[in-house]
Structure formats: C-alpha cells, structure tokens
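First the structure, in the form of structure tokens, and then the observations on it.
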Amino acid sequence: MNAPTPKEIAQAGDRIEDHVHRTPILETTTLIKGRKIELKLENTQLTGSFKVRGAFNTLLSRDVPQAGVVAASGGNHGAAVAYAARALGHKATIYVPEFAGPSKIALIRDTGADLHVVAGTYAEALAAAQAFEADTGAMQIHAYDAPATVAGQGTLMREWESQYLASDTVLIAVGGGGLIAGALAWLQGGRNIVAVEPELAPTLKTAQIAGKPVDVEVGGIAANALGARRIGQICFDLAKEHDIETVIVSDEAIAEAQALLWRTCRQWVEPAGATALAALISGAYSPSPKESIAVLVCGANPAPGPFD
C-alpha cells in the first residue's frame, strides 16, 4: 500500500480546507522550565481530534454508495466519520468497542449516525464493520491505514509548516499510525519526527523490533485512542524509510502530562492528546540543549468529559 505523495497531501488540504478548522499554535516556556515548546492544538479541531481531516478527504475524493459509509473506531475516528458524513449528506454506520467511553459514544450518537457498541477491542469493532461492509456495500473508511486517510492527516503538518513551524524536532503520539504517517509523507525527512507510544500499546516499537507489523496486546489509559492492535503498513514503511525514533511512556507520565496541560495552558485533553508531551516531561525523550521542540496535542475527548 503506497503512502500519499506531498502533492496528494497538498490536494487533500485544498479539498478539505472549507470543512475543517485551521487549528492554533501555542508557544510556551511554562511546561518545562527554561525550554520553549511549540504546541499545535489539534485538540480544538472539529469533533476534538485530527481525524476529521482524513474523514473529509476520503468522502470528498470518492463516490459514496447508497448504503453510505461504515467505520470502526476507538471513538475519535468514528466521531469524525459520522460528523463528515452528516455534513456531506451521507448515511454513516459506526462500530466502537465498549471502552470507547461515554464521552466519545455520546459524541458519535449526537451526529445521528447508526452506532453499534461491541464487546472487546478495536479489532472486534473492525471485524464487525468489515462484515457490515460485505453485507451492505457500504464504503469502509479505515481509521489509519488507507492512503486517503493518511493524506488527510498529512494536511495537519502541511498546515503547521504554513504557520511558521520553527522546531527541529516534532513529537507525535502513535496508535495505528495514520497521523505520524501523514506527517512523514509530507515532510519527506525534512524534520526530525519522534514517535511516542504508551507502554501498554507499543505497536510501532514492537513492529520495529520484529521487522514487520505484528499484533500486540493493548491497554492502559490511552487505549481508546491509541489502542490499535497492529501498526498500519503505511506507517511502518515510512517509519522504516526515515529511521524514526520511537520512545515509550508510562500511563503515569501520560496522566501527569494531561494534568500539566490543564494547569498551565487550560487545555483539557484526553490521555492520547497528552502522550507526546509525556515523552518530554518524563525524560523518555531528552532533547539536546539547543534542540528546538514541538509537540502535537491531538485529542480532546477525555472520559468523563467536562460536562458529563
């Protein structure tokens, strides 16, 4: 499966720009004393995550059948597909595992999508979505391992560079790998990208050690966003091509970063949204004194939510 080219990502950006937010940048020295950090606040995106970029790009670049679209998700992708489908006048059927949590389940339900909550993990939700696709002819929108999805996610890095991203190194959380794959496909080695994974869901790190994508057991506080059982092939191939570093962070570090973003920046994010920052505050990634650092804050749907 081929990764999108920078030209295809640019086309995706032009295609979706009237349908998504251009999310803000925050520069701060309050998170780590003496170090300026650039934050890209994609947690302020529609439905609370970057996922709407890939969803809109897929729907706007393909013919949608009468049966509509179907997606499996830990929560954020499902909400994004449901939102984009409603905005464009398509039927959406979404499968999520029980651990998606009440906030994300309510977010999907509020779009009017046909929502199915299944027992098990994302893998079981994906199997159910694939069965629905086979039975009805609905169009499957994969959460992370499809060129149109990755191209849509790549528009985030394209947008960030247009906002004068100055940092040498960008830290990005990894679940299935669609977001970091989009960044790598756009940058083509132009910046140092560091992957950050929870210790209880190390899909990319495990694949790098094994030399190929393999199944892993997933769990922990970020599992409903970073809980893909296997890294996407597109992400794995790009990570191998660019020899990117992957660091592992504990649930405790993620929770600490989540609390820190609230205390210092008043950004209330889900654990996945704080995972990249956790690498810095825990020392899992230790930049050199002169290295400039940027962190992608990717998701804003904690469970429970602020009004649950």
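Against the test of being touching a residue at least 40 places away in the same chain (Cβ under 8 Å) and either closer than 23 Å to residue 233 by Cβ or out of contact with any Pro (no Cβ under 8 Å at 6 or more places or on another chain) (or both), the options 134, 128, 113, 201 yield a single qualifying residue, 128. Could you check, for the range 119-133, whether at least one of its residues is touching a strand residue (DSSP E or B) at 6+ places or on another chain (Cβ under 7 Å), more than 22 Å from residue 230 (Cβ to Cβ) and not in a strand (DSSP E or B)? No: zero hits.
Tell me, please, whether a residue that is within 13 Å of the chain's Cα centre (by Cα), in the same structural domain as residue 166 (by TED's automatic domain parsing) and either under 19 Å from residue 42 (Cβ atoms) or in contact (Cβ under 8 Å) with a residue 12 or more places away in the chain (or both) can be found in the range 234-256.
Yes, some residue in the range 234-256 is within 13 Å of the chain's Cα centre (by Cα), in the same structural domain as residue 166 (by TED's automatic domain parsing) and either under 19 Å from residue 42 (Cβ atoms) or in contact (Cβ under 8 Å) with a residue 12 or more places away in the chain (or both).
Check the range 262-280 and report whether any residue there is among the hydrophobic types (A, V, I, L, M, F, W, C), over 25 Å from residue 148 (Cα atoms) and in a loop (DSSP other than H, G, I, E, B).
Yes.
Among the residues of the range 94-150, the ones that are surrounded by 22 or more Cβ atoms within 10 Å (Cβ to Cβ) and of a type in the set (Lys, Arg) come to 1 in all.
All conditions in (1) closer than 18 Å to residue 58 by Cα; (2) touching a Leu at 6+ places or on another chain (Cβ under 9 Å); (3) not in a helix (DSSP H, G or I) hold for residue 145, with the sole exception of (2). Would you call residue 224 modelled with pLDDT under 95, in contact with a strand residue (DSSP E or B) (Cβ under 9 Å, 6 or more places away or on another chain) and among the polar types (S, T, N, Q)? The answer is yes for residue 224. Just to be sure before I move on: is residue 51 of a type in the set (Lys, Arg) and either buried (at least 20 other Cβ atoms within 10 Å of the Cβ) or closer than 16 Å to residue 229 by Cα (or both) in the structure I sent? In short, yes.
Residues in the range 25-46 that are under 18 Å from residue 73 (Cα atoms) and under 12 Å from the mean Cα position of the chain (by Cα): 43, 45.
Kindly indicate the residue of the range 137-190 that is over 20 Å from residue 275 (Cβ atoms) and of a type in the set (D, E, K, R) and also modelled with the lowest pLDDT among those meeting that condition. Once the filter is applied, the top-ranked residue is 168. Taking the criterion of being outside any strand (DSSP E or B) and either among the aliphatic types (A, V, I, L, M) or at pLDDT 95 or above (or both), the residues of the range 31-46 that qualify are 42, 43, 44, 45, 46. Looking only at the range 67-93, which residues are buried (at least 24 other Cβ atoms within 10 Å of the Cβ) and of a type in the set (A, V, I, L, M)? Across the range 67-93, the qualifying residues are 69, 70, 71, 72, 79, 80, 81, 82, 84, 85, 92.
In this structure, is residue 150 over 17 Å from residue 234 (Cβ atoms) and of a type in the set (Val, Ile, Thr)? Step through it out loud before you land on a result.
Details: over 17 Å from residue 234 (Cβ atoms): no; of a type in the set (Val, Ile, Thr): yes.
Judged against the criteria, residue 150 is not a match.
For the range 256-291, residues that are surrounded by fewer than 16 Cβ atoms within 10 Å (Cβ to Cβ) and within 25 Å of residue 244 (Cα to Cα) total 6.
The values are calculated or read from the model by the stated rules, or taken from the named source; none is laboratory data. Just so it is clear, the model here is predicted, and its values are computed rather than measured. With ideal geometry, Cβ positions are generated from the backbone for all residues, glycine too; neighbour counts draw on all protein chains shown.
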